[in-house]
Amino acid sequence: MNQAVQLETREGVDKSAVANAFSRAAATYDQHAAFQRDVGHRLLDMMPADLSGKTVLDLGCGTGYFSAELLKRGALVVCCDLSAQMLAAAKSRCGNQRVLYQQGDAECLPFDNHQFDYVFSSLALQWCDDLSVPLKEIKRVVKAKGSAYFSTLIDGSLYELKQAWRKIDSHQHVNEFVSINQINIALAQSDCQSHQLDLAPIKVWYQTAFALMRDLKGIGATHVNGRSTGLTSRRSLLKVEHEYLTFRNHQGLLPATYQVCLGVINL
């Protein structure tokens with residue numbers, strides 16, 4: 001399983017840049033990841049409560065929060081992430097009992113065919129340019145009659161931040177996300193015929209737009225495909241803060257809306 005890491009760089013997605021962004025955030029991720037934990041727990045609730053003796057791939061494991069939850073259910077866990085620093089954080093959290101660690105890319109998994117009973121992947125696949133590619137890889141590594149559980153962001157996520165930036169300049173500051181139709185097409189292209197998709201709109205409330213942007217930076221979600229080069233000026237950030245106020249509720253809080261797709265693939 002200790003194969004060389006292959007980072008696929010496709011048009012629009014620079015995997016090395018994504019890995020570097022998450023590596024820089026390994027030390028701060030957990031304190032900014034309340035939304036990610038919410039989504040992951042929703043996905044985990046869809047899995048069997050008893051995973052004793054089952055081998056589970058935690059794909060895009062990050063700091064290993066859900067790897068630890070899978071271990072609590074009795075699973076044998078393989079932690080896989082693009083980022084070596086995230087894997088180190090996962091190892092610090094989970095140790096070496098019933099768990100292995102492997103750096104790898106969801107689009108080119110360094111695992112044998114039919115190796116896992118289950119795959120768990122929460123909020124990782126949106127960093128792939130063509131969703132059908134990791135879905136094909138997931139299908140390849142899951143055993144017959146196994147299942148894969150994934151969550152990803154879809155079109156409409158962070159629309160408030162996107163609209164605020166649109167008033168400031170013409171550059172792209174927020175990633176584009178796939179539509180539910182594109183997810184269905186990717187599932188068909190990867191020959192994942194038996195599946196269930198649940199849609200979950202989630203709002204996270206902030207005191208300021210700065211706080212939202214700190215969370216995004218803190219979890220490493222800073223690589224934007226097609227972003228213009230150069231640092232964002234403080235003046236621009238102040239303008240974004242001002243424009244974001246149009247979304248303020250009666251309590252003075254600012255929403256960050258996420259459109260989440262929770263998927264189960266039965267193989």
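Observations, loosely collected:
- Residue count for segment 77-88, restricted to those that are touching a residue at least 24 places away in the same chain (Cβ under 8 Å) and crowded, with 19+ Cβ neighbours inside 10 Å: 8
- Of all residues in segment 165-190, those satisfying the criterion of being in contact with a helix residue (DSSP H, G or I) (Cβ under 7 Å, 6 or more places away or on another chain) and modelled with pLDDT of 95 or more are 186, 187, 189, 190.
- Strands (runs of 3 or more DSSP E) contained entirely in segment 89-165, each with at least 3 residues that are of a type in the set (Phe, Trp, Tyr): 116-122
- Looking across segment 149-164, just one residue is in contact with a Cys (Cβ under 6 Å, 6 or more places away or on another chain) and either at pLDDT below 95 or not hydrophobic (A, V, I, L, M, F, W, C) (or both), and that is 152.
- Members of segment 166-187 that are part of a helix (DSSP H, G or I) and either within 22 Å of residue 18 (Cβ to Cβ) or charged (D, E, K, R) (or both): 166, 182, 183, 186
The values are calculated or read from the model by the stated rules, or taken from the named source; none is laboratory data. Worth saying up front: this structure is predicted, and the values here are computed from it rather than measured. Positions of Cβ are backbone-derived with ideal geometry, glycine not excepted, and every protein chain shown enters the neighbour counts.
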